[in-house]
Ligand SMILES: *Cc1c(COP(=O)(O)O)cnc(C)c1O
């Protein structure tokens, strides 16, 4: 038990982000200890036997448990208001482990069509091969969700706001639909993080993160996590222990440090993104801006209800074609041309030829990924410098 467990009862998000999961050792360290050890020593043969059989608590091997990873899991569970959490080596292994633990041949996933590209690949190319079906629907269309359910639908999978157009999904309505059909709602909460949105408050069952993004926040480590009720997390944990997509203790330690400043950073990302979105709207070379913080965005009111700020990702269409979009991207000198996001450094990317390049032109048109669309994951630089950087290619 944590020495803080009692004192953290009823604590606010900022306190939990700094203190949840702290288990100080006898050394009295103030910062969380980093346990770089693959295995653990037992006091006796009896103790070894008891730990292996599960009769005694305690560490056995770091594919099973590691105190630094455990601290990260406890902190995420506290922030997401979940009973428990299990960390994984990446966001993708969090999604894979959830599916492997909860699905079997003949089951069906109902998925938003606006999810991370590799998630689509995992579901279609690999899970389908093992007899799991998947259907993709427009995330903002509740009747499309309703029509998509099958008798064998076990998981409903969604991201909100979506990438790159910031579509906002009504989590409460989707959770109600999902539960009425006896399925579970899985939310990839990577874009908001628990600092801005806690989907469990709206009825979601499982929360997935790529900790690689905002939870790290400075583009250093890969990692993932699944949060939810204790029984389900135990099932996911059993898969992770057997298959081995375990989070490294070092990465968990970096993420623990990241969580301490998560809300401050998310608010700063959101503030910069809002300022840039409003400024972009006023530029004559810009055709349209997609950001849920803009009152005319169709998801604005819903985002205000579900989120405490609008996040750091926005996209915009320039007047002209792909060449015009590429000109803006290639003219920047501060923004990093990379498909990653969730970094202190602003990143810029052309979705149609990178993150969404695998889609057919028809699929891109259906998803609204135009050739003149640019995505920005707004970082923590001075917003005036970012405006000047974009202006080079816009004027
Ligand atoms: C990056 C990302 C993932 C995958 O995470 P990795 O850590 O790269 O495996 C999943 N979902 C979303 C929304 C992401 O942005």
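Read-outs: derived from the displayed coordinates by stated rules, not from any lab. Just so it is clear, the structure is predicted and the values come from calculations on it, not from any experiment. Cβ atoms come from the backbone with ideal geometry, glycine included; neighbour counts cover every protein chain shown.
Principal-axis analysis of the Cα atoms of the chain puts helix 67-80 at an angle of about 50° to the longest axis. Estimated from the Cβ-Cβ distance and a Förster radius of 41 angstrom, the FRET efficiency linking residue 46 and residue 19 is about 0.70.
Based on C-alpha pairs under 8 angstrom that are at least 6 apart in sequence, the chain has a relative contact order of 16 percent. With Cα atoms defining each centre, the range 136-207 and the range 223-254 are spaced 22 Å apart in the structure. Extension gain, residue 353 to residue 243: 0.36 nm times the residue separation minus the Cα-Cα distance gives 36.2 nm. Computed as a quarter of the hull surface, the mean projected area of the alpha carbon convex hull for the range 1-150 stands at 12.9 nm². In the chain, Rg over Rh equals 0.99, where Rg is the alpha-carbon radius of gyration and Rh the Kirkwood radius from pairwise Cα distances. Taking the centroid of alpha carbons for each part, the range 90-115 and the range 255-332 are 28 Å apart. With a cut-off of 13 Å on the backbone N, the residues of the range 364-395 near the modelled label site 7 Å out from residue 321 along Cα-Cβ are 371-372.
Here the extension length gained between residue 366 and residue 6 equals 124.5 nm, from 0.36 nm per residue of separation less the Cα-Cα distance. Taking the Kirkwood radius as Rh and the Cα radius of gyration as Rg, the range 294-337 has a ratio of Rg/Rh equal to 1.12. For the range 234-325, dividing the convex hull volume of the Cα atoms by the residue count gives 187 Å³ per residue. The value for the range 109-219 of Rg(Cα) / (2.2 N^0.38 Å) is 1.03.
Working from Cα positions, state the angle (0 to 90°, nearest 10) between the long axis of helix 322-331 and the longest principal axis of the chain. The helix 322-331 is inclined about 70 degrees to the chain. For the range 115-162, the Kirkwood hydrodynamic radius from C-alpha pairs, put into Stokes-Einstein at 37 °C and a viscosity of 0.692 mPa s, yields a diffusion coefficient of 281 µm² per second.
Over the range 156-266, the Kirkwood radius and the radius of gyration, each from Cα atoms, give a ratio Rg/Rh of 0.98. Mean projected area of the convex hull spanned by the Cα atoms of the range 1-76, taken over all viewing directions: 6.0 nm². Taking R0 as 41 Å, what FRET efficiency do you get between residue 337 and residue 31 from their Cβ-Cβ distance, rounded to the nearest 0.05? It comes out at approximately 0.70. Put in order of Cβ neighbour count within 10 Å, fewest first, the listed residues 142, 102, 79 become 142, 102, 79. Model label sites at residue 345 and residue 308, defined 7 Å from Cα along the beta-carbon direction, differ in position by 2.9 nm. Principal-axis analysis of the Cα atoms of the chain puts helix 230-243 at an angle of about 90° to the longest axis. In plain terms, if you count all Cα to Cα distances in the range 98-137 and split them into 10 Å steps from zero, the share in each step is 31, 62, 7 percent. Packing order of peptides 210-222, 230-242, highest average first: 210-222, 230-242 (average count of other Cβ atoms within 10 Å over each peptide's residues). Comparing Cα centroids, the range 351-380 and the range 20-51 end up 46 angstrom apart. Sorted largest first, the principal axis extents computed over the alpha-carbon atoms of the range 263-394 equal 37, 32, 28 Å.
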